[in-house]
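*Asks:* Right, I'll just put the structure down here and ask away after.
Coordinate-derived values only; no laboratory data. In this text the structure is predicted, and so the values were computed from the model without any measurement. Neighbour counts run over all protein chains shown; Cβ positions are idealised from the backbone, glycine included.
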Amino acid sequence: MRYAIVESGGKQYKAVEGQAIEVGRLDVEVGKKVELDLVLLVSDGENVSVGTPHIAGAKVSATVVAQDKGPKITVFKYKPKIRYRVKTGHRQHFTRLMIDKIDVKSGAKKAAAAKETAAES
């Protein structure tokens with residue numbers, strides 16, 4: 001199973017080829033392609049490449065499936081002994097991405113292999 005850990009909006013997400021992830025709202029239309037180039041880790045089942053902090057040349061290609069809102073969260077504030085009560089709600093916006101391809105350039109693979117052999121010796 002090939003997967004990658006990507007960073008988007010200051011948060012980290014596990015991206016698996018062929019699966020969907022929900023990230024913070026991106027200003028992209030539905031159906032458009034997106035490239036996430038802040039890749040922190042890539043694994044193909046047996047080899048793992050870890051960036052410092054990012055892997056140079058690695059990117060994740062995805063398609064925007066939906067622009068949606070999360071469930072409503074109710075916030076209720078009050079102060080005792082005073083007639084102060086405030087009830088508000090909030091719905092977080094998010095973007096659903098379908099992961100198409102996890103791509104690591106050959107230079108990044110060679111650097112990871114060299115680092116691995118250096119660590120063994």
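*Asks:* May I ask you to list pairs of residues, at least six apart or on different chains, whose Cβ atoms are under 6 Å apart, with the first in segment 40-64 being touching a residue at least 12 places away in the same chain (Cβ under 8 Å) and within 13 Å of Lys105 (Cα to Cα) and the second being among the hydroxyl-bearing types (Ser, Thr, Tyr) and crowded, with 17+ Cβ neighbours inside 10 Å?
*Replies:* Within 6 Å, the pairs are Val42/Ser49; Ile55/Ser49.
*Asks:* Further question: Would you confirm whether any residue within segment 41-52 is closer than 25 Å to Asp68 by Cβ, in contact with a strand residue (DSSP E or B) (Cβ under 8 Å, 6 or more places away or on another chain), hydrophobic (A, V, I, L, M, F, W, C) and crowded, with 17+ Cβ neighbours inside 10 Å?
*Replies:* Looking through segment 41-52, none of the residues is closer than 25 Å to Asp68 by Cβ, in contact with a strand residue (DSSP E or B) (Cβ under 8 Å, 6 or more places away or on another chain), hydrophobic (A, V, I, L, M, F, W, C) and crowded, with 17+ Cβ neighbours inside 10 Å.
*Asks:* Same structure again: I need a count of the residues in segment 1-32 that are among the aliphatic types (A, V, I, L, M), closer than 14 Å to Ser61 by Cβ and more than 13 Å from the chain's Cα centre (by Cα).
*Replies:* 1
*Asks:* Another one. Does segment 74-83 contain at least one residue that is surrounded by 17 or more Cβ atoms within 10 Å (Cβ to Cβ) and hydrophobic (A, V, I, L, M, F, W, C)?
*Replies:* Checking segment 74-83: not a single residue is surrounded by 17 or more Cβ atoms within 10 Å (Cβ to Cβ) and hydrophobic (A, V, I, L, M, F, W, C).
*Asks:* Looking at this structure, is Leu26 among the hydrophobic types (A, V, I, L, M, F, W, C) and touching a residue at least 40 places away in the same chain (Cβ under 8 Å)?
*Replies:* Yes: the conditions hold for Leu26.
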